[in-house]
Every structure is written in C-alpha cells, then in structure tokens.
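Values in this text are rule-based calculations from the coordinates and carry no lab data. These figures come from a predicted structure and were not determined experimentally. Every residue, glycine among them, receives a Cβ derived from its backbone with ideal geometry; neighbour counts consider all protein chains shown.
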Amino acid sequence: MAPANYSAYSDWNCVELTTHQTPYWVALSRVLGIGPARMRLLLDRFHSAEAAWNALHADLLEAGLDARTADAVLTARRTRVAYLRPQCLQSLR
C-alpha cells in the first residue's frame, strides 16, 4: 500500500496542484482510460487539469488521446460535473 502522501504525479515539478485544480484531477482520474501516462499527456499539452477537463474533442486527440478515451472525457464532463463541486470530494474518500 502506498503512503498517505504518495502521488504518482509528485515528480512533475512543472505541475502545480492547487486546491482549485483538485476536483479536475479527481474527475479526470476517474475517466476510464486515463491513467498516469495519459494524465501526463494531458498536463503536458494543457498545463492544468482544468484546461484538460474543458478541452475540445479535437484538442484531446491532438494531445495524444485515442478517440475512445477522448469520447470518455467528454461523456464524463457531461455526466460528472458534480465532481467539480468541492463538497463532493468528501464523498469520494
């Protein structure tokens, strides 16, 4: 089991994880097909989880996602907007 403060993304010095970004990280990480490698692609292209979450389908493809994963992001965005409310993060613990 990983330590409580472990983060698969902790080695990304160029990515600043702020409280504002947390809901977008959570939402993206719950999309089928988004793991550490694809999260890195998104963050390299969009520089924030929020920008990746709000990206157009074509931009997600350009970032390196396959069509199925890009579709999954858009579906999640339509159906999981509740994750973006900070109070909902408590229920995901």
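Quick look at the numbers
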quantity: Trypsin sites (Lys or Arg not before Pro) lying in DSSP loop within the stretch 27-57, provided at most 14 other Cβ fall within 10 Å; calculated: Arg30
quantity: Extension gain from Ala58 to Arg45, taking 0.36 nm per residue of separation minus the Cα-Cα distance; calculated: 3.4 nm
